[in-house]
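Shown next, in C-alpha cells, is the structure this report addresses.
The values are calculated or read from the model by the stated rules, or taken from the named source; none is laboratory data. Here the structure is a predicted model, which means the values were calculated and not measured. Please note: Cβ atoms are built from the backbone with ideal geometry, for glycine as well, and neighbour counts cover all protein chains shown. For accessibility, only protein heavy atoms count, side chains too; no ligands or nucleic acids. Shrake-Rupley method; radii C 1.70, N 1.55, O 1.52, S 1.80 Å.
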2 protein chains.
Amino acid sequence: MLLARDLADDVRSGRLTPLDLVNLCAQAIEEHEQDVHAFAALDLDAARATAQAPGRAETPLAGMPFAVKDILDTRELPTEYNSPIYAGHRPAADAPVVSQGRRGGGVLIGKTVTTEFAFLEPSITRNPRRLSHTPGGSSAGSAAAVAAGMVPFSIGTQTGGSVIRPASYCGVTGYKPTFRILPTVGMKTFSWHLDTIGLFGARVQDVAFAAAGLTGRDLDIGTEVAAPPRIAVIRTVRADQASADAHAALDEAARAAAAAGASVSEIELPAELEAADAIHSTIQDFEGAIAFADEYDRLRHQFSPLLARYLDQAAKVQPDDYDSARRTAKRARQRLGDFFADYDAILTFSAPGTAPEGYGTTGSAIFNRLWTLMGTPTVNVTGLSGANGLPMGVQIVGRFGRDRTALTVAAFLERALQS
Amino acid sequence: MLLARDLADDVRSGRLTPLDLVNLCAQAIEEHEQDVHAFAALDLDAARATAQAPGRAETPLAGMPFAVKDILDTRELPTEYNSPIYAGHRPAADAPVVSQGRRGGGVLIGKTVTTEFAFLEPSITRNPRRLSHTPGGSSAGSAAAVAAGMVPFSIGTQTGGSVIRPASYCGVTGYKPTFRILPTVGMKTFSWHLDTIGLFGARVQDVAFAAAGLTGRDLDIGTEVAAPPRIAVIRTVRADQASADAHAALDEAARAAAAAGASVSEIELPAELEAADAIHSTIQDFEGAIAFADEYDRLRHQFSPLLARYLDQAAKVQPDDYDSARRTAKRARQRLGDFFADYDAILTFSAPGTAPEGYGTTGSAIFNRLWTLMGTPTVNVTGLSGANGLPMGVQIVGRFGRDRTALTVAAFLERALQS
C-alpha cells in the first residue's frame with residue numbers, strides 16, 4: 001500500500017515530486033485495476049497536470065493523489081452514483097469535500113466505484129486481498145483502491161457501515177469522523193441524519209494526515225499514540241452474529257492493548273444504546289423514502305430490484321415512528337456522553353467476519369450502524385486476520401467531537417498489534 | 001390573499017376545481033406580477049395540465065397551486081439561485097420537498113425569487129403592501145407571491161431570518177417548522193446546521209394545512225386554537241434595536257393574548273440562549289465558507305461584492321471557534337427544553353420594524369437567527385401594523401418537535417388579535 005504520510009515527507013524533503021506520486025498510482029492502477037475494478041472514472045492526465053502546478057509540494061497534502069467515491073459531486077469527472085438514472089451526469093459544482101482536497105493541495109485522480117446509490121446491491125469491485133471475495137460496500141472502490149496500492153488515500157461515505165466494513169474486509173484503515181466534520185454537501189443524500197463522509201488509508205496516521213489536510217484541523221497525529229487508554233470492550237447483544245474470527249480478533253486486540261498498558265474492561269452496551277441500534281433502520285428508511293422521492297416516483301424501474309423493494313417498504317414508516325426513533329437516538333447520545341467519562345474509547349467488532357466469498361452480498365453493517373447514528377468517530381484498525389488468511393479488522397469508537405483522541409487510541413492499538 | 005384551506009374545502013365540495021385554482025393564481029399574476037416581480041420562473045400551462053389530472057381533488061392538498069423559492073431544485077423549471085453562476089441551470093432531480101408537494105396533490109406553478117444564494121443582496125422583488133418598500137429576504141418572492149394573492153401557499157427557506165422577516169414585512173403568515181421536518185435535500189446549501197425549509201400562507205391554518213399536505217403529519221389544525229396558553233414575552237438584550245412599532249406590536253399581542261385568557265409573563269431570555277444568539281454567525285460563516293468552496297475558488301468574481309466579501313471574511317473562522325460555537329448551541333438547546341416546561345410558547349419580535357423603505361437592504365434577522373439555530377418551530381403572526389400602516393408581525397416560538405402546539409398557539413394569538 002502507499003503510505004500517505006511517508007510520501008508527504010518524501011515530497012517535502014524533495015525525494016519525490018507530486019508528479020512521482022501520480023505515477024506511482026498510475027503504475028499500480030496499470031497492474032491491478034483490470035482485476036479490482038475500483039474506479040468508476042479516472043483522469044490521470046489531468047492529475048499529472050495538476051500535480052505539476054507550482055507550490056504543490058508546500059501544501060498540507062503535499063500534492064497527495066486521492067480518489068473520491070462516486071456518490072460525491074465532481075464537475076470534471078462523471079458523477080453517476082452507479083445508477084443508470086444518472087448515466088453521464090455532470091454536476092455543476094464539486095462537492096465541498098472535493099474542493100477541500102484541492103485547497104489542501106491534493107490531486108484528484110478519479111472516482112471510485114460505489115454500490116448503487118450507496119445501498120446494498122453489490123458492485124463490480126473485487127477485493128484486492130482475494131479477488132474471489134467481496135470488498136464490502138458501499139464504499140467498495142475507495143477501500144479497494146487503497147488496499148491495492150492504487151491511491152494513498154480515498155474518500156468514502158457511511159450511512160450504515162459503508163466505511164468501516166469495507167475497510168475491515170480489504171485490510172485498510174477506515175476512519176469515519178465525527179458527524180459533519182467533513183461536509184456532506186454535494187453527496188447524493190440517502191439519509192440526512194446518518195450520511196457521513198469517511199476516509200481510507202493504509203495506517204491510522206495516514207487517514208489522520210488526510211483529515212488534517214482536508215479540514216485544517218489538528219488531526220495530523222504522525223507517529224503519536226495515546227497514553228495507555230481506558231478501553232471498554234463491547235460485543236453487544238448481537239455477539240452471536242459475530243464469527244469465531246471476529247471474536248478471536250477482538251480477544252487478540254484486547255489482549256494486545258492490555259499488554260501495552262491499556263486498562264481493558266469487557267462491559268455491556270448500555271440499554272439506551274441497544275435501543276438506538278434497533279431504530280437505525282427507522283431513521284434510514286423514513287429519510288431514504290423522502291430523499292429518493294423524485295427518482296422513485298418517475299423512474300422506479302431503473303432502480304435495482306433490491307433498492308426498489310427497499311424503498312417500497314421504507315415508505316411505510318410513519319412520522320410518529322420516525323420522531324420516536326429520533327428521540328431514542330437523542331437519549332442514546334446523551335447516555336454515550338456520560339459513558340465516555342469512564343472510558344477513552346470503545347473496542348468492538350468492525351464486521352461479523354472476514355470478507356464473504358463471492359459477490360452476492362456486500363456483507364453486514366450490524367456492528368457499524370449504531371456508531372453512525374451516534375455520530376461518533378470510529379476507526380477500523382488493521383493488523384489481524386481470520387482463519388482463512390483474509391483481514392479481520394477491529395473497531396475503535398471515540399467520543400463525539402474527540403477525533404484526535406479516537407485516532408491516537410486507534411494508533412495505540414495498531415502499534416500494540418505489531419508488537 | 002388566497003386562503004389555502006378554504007380553497008381546499010371548495011375543491012372538495014365541488015364548488016371549485018383545481019383548474020379554477022390555477023386560474024385564480026393566473027388572474028392575480030396577470031394583475032400584480034409586473035409590479036411585484038415575485039417569480040423567477042412560471043409555467044402556468046404545465047400547471048393547468050397537472051391540475052386536470054384525474055383524482056387531484058381527493059388529494060391532501062386538493063390540487064392546491066404552490067410556488068417554490070428558487071434555491072430549491074426543480075427539474076422542469078430553471079434553478080438559478082439568483083446567481084449568474086447558475087444561469088440556465090437545470091438540476092437532474094426535483095428537491096424532495098417539491099416531490100412531497102406533488103405527492104400531496106399540489107400543483108407547482110413556478111419558482112419564486114430568492115436573493116442571491118439566499119444571502120443579503122436585495123432582489124428585484126417588491127413589497128405588495130407598498131411597492132416602494134422591500135419585501136425582505138431571502139425568501140422575497142415566496143412572501144410577496146402570497147401577499148399579492150398570486151399563490152395560496154409557497155415554500156421558502158431560512159438560515160438566519162429569511163422566512164419570518166419577509167412574512168412580517170409582507171403581512172403574511174410564515175412558518176419555520178422544527179429543523180428538518182421538511183427536508184433540505186436539493187436545497188443549495190448555505191449552512192447545513194441552519195438551513196431550514198419554511199412555508200408562507202395567508203393565515204396560520206393555511207400554513208398548517210400546507211405542512212400537513214406536504215408531510216402527512218398531523219398538523220392540519222383547521223379552526224382549532226390552543227387552550228389559553230402560558231406565554232413568555234421575550235424582548236432579548238437587543239430590545240433597543242427594535243423600533244417603537246415592534247414594541248407596540250409586541251405589547252398589543254401580549255395584551256390581546258391575556259385578554260383572551262392566556263397567562264402572559266414578560267421574562268428575560270436565559271443567558272445560555274443569549275450566548276447562542278451571539279454565535280449564530282460563527283456557525284453560518286464557517287459552514288458557508290465550505291459550502292461555496294467550489295464557486296468561490298473558481299468564480300468569486302461572479303458573486304455580488306456583498307457575498308464575495310462576506311465569504312472572504314467567513315473563511316477566517318477557525319475550526320476551534322466553530323466547535324466551541326456548536327457546543328454553545330447545544331447547551332442552549334438543552335436550556336430551552338427545560339424552559340418549555342414552564343411555558344407553551346415564546347412571544348417575541350418578528351423583525352425590528354416594518355419593511356424598510358427602498359431596496360437597499362432586505363432588513364435584519366437579529367430577532368430570528370437564534371430560533372433558526374435552536375431548530376424550534378416559529379410562526380409569524382399577522383394582524384398588526386406599524387405607524388406607517390405597513391404590517392408589523394410578531395413571532396411565536398414553540399418547543400422543538402411540538403409543531404402542532406406552536407401552530408395552535410399562533411392561531412390562538414391570531415384570533416385574539418382579531419377580537
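Hydrodynamic estimate: the Kirkwood radius of the protein assembly as shown over Cα pairs, inserted into Stokes-Einstein at 37 °C and 0.692 mPa s, corresponds to D of 119 µm²/s. In the protein assembly as shown, helical runs assigned H by DSSP with n ≥ 4 each contribute -39500 (n - 2.57); averaged across all residues and rounded to the nearest 500, the mean residue ellipticity at 222 nm is -12500 deg cm²/dmol. So what does log10 I(q)/I(0) come out to for region B:357-419 at q = 0.19 Å⁻¹, using the Debye formula with one equal point on every Cα and no solvent? Log10 of I(q)/I(0), two decimals: -0.83. Accessible surface comparison of A:Thr378, A:Thr59, probe 1.4 Å, protein chains only, largest first: the order is A:Thr59, A:Thr378.
The Cα-based radius of gyration and maximum Cα-Cα distance (Dmax) for region B:97-207 are 12.8, 38 Å. Taking the centroid of alpha carbons for each part, region A:132-168 and region A:290-351 are 21 Å apart.
Semi-axes of the equivalent ellipsoid of region B:287-409 are 31, 24, 11 Å, computed as sqrt(5λ) over the eigenvalues of the C-alpha gyration tensor in descending order. The equivalent ellipsoid of region B:72-142 has semi-axes of 24, 16, 9 Å, largest first, where each one is the square root of 5 times an eigenvalue of the Cα gyration tensor. Taking Cα centre as origin and charging only the Cβ of basic (Lys, Arg, +1) and acidic (Asp, Glu, -1) residues, the dipole magnitude of the protein assembly as shown rounds to 540 debye.
Among residues other than B:Thr361 with Cβ under 13 Å from its Cβ, the summed charge is -1 (Lys and Arg +1, Asp and Glu -1). Binned at 20 Å from 0, what are the whole-percent values of the Cα-Cα distance distribution for chain B, short to long? With a bin width of 20 Å, the distribution comes to 30, 60, 10, 0. Sorted from shortest to longest, the distances between the A:Arg15 label points of this copy and the other copies are 8.3 nm, with each point 7 Å from Cα along the line through the beta carbon. When A:Gly55 is represented by a point 7 angstrom out along its Cα-to-C-beta vector, the spacings to that point in the other copies are 6.0 nm, nearest first. Cβ under 11 Å from B:Asn388's Cβ, B:Asn388 left aside: what net charge do those residues give with Lys, Arg +1 and Asp, Glu -1? Taking every other residue near B:Asn388 into account, the sum is 0.
For region B:367-379, putting each phi into the Karplus relation 6.51 cos²θ - 1.76 cosθ + 1.60 with θ = phi - 60° gives couplings of 9, 10, 4, 4, 6, 5, 5, 6, x, 7, x, 9, 9 Hz, in residue order, rounded to whole numbers and with x for Gly and Pro.
Which distance in Å, rounded to a whole number, links the C-alpha centroids of region A:179-216 and region A:38-104? Distance between centres, Cα-based: 15 Å. Between amide H atoms placed 1.01 Å from N, distances below 5 Å from A:Thr17 occur with no residue 5 or more places distant or on a separate chain. Percent of Cα pairs in region B:115-179 per distance bin of 10 Å, from zero to the largest separation: 26, 58, 15, 0.
Taking the Cα centre of chain B as reference, the dipole from Cβ charges on Lys and Arg (+1) and Asp and Glu (-1) amounts to some 520 debye. A cut-off under 13 angstrom between Cβ atoms defines the neighbours of A:Glu274, and their net charge, with Lys, Arg +1 and Asp, Glu -1, is +2.
Shape call for region A:316-367 from the C-alpha gyration tensor, a ≥ b ≥ c root eigenvalues: rounded (a/c under 1.5), prolate (a/b greater than b/c) or oblate? Oblate. The 3J(HN,Hα) values that the Karplus relation (6.51, -1.76, 1.60; θ = phi - 60°) gives for region A:339-352 are, in residue order, 3, 6, 5, 9, 9, 7, 7, 9, 10, 8, 5, 8, 7, x Hz. Gly and Pro appear as x. Between A:Asp323 and B:Glu30, the simple spin-label model (points 7 angstrom out along Cα→Cβ) gives 4.3 nm. Applying 1/(1 + (r/R0)^6) with r as the Cβ-Cβ distance of B:Glu357 and B:Asp240 and R0 = 22 angstrom yields a FRET efficiency of 0.55. Position B:Asp35: other-copy label points at 7.6 nm, ordered by increasing distance, label point 7 Å along Cα→C-beta.
Summing Cβ point charges (Lys, Arg +1; Asp, Glu -1) relative to the Cα centre of region B:51-175 gives a dipole of roughly 280 debye.
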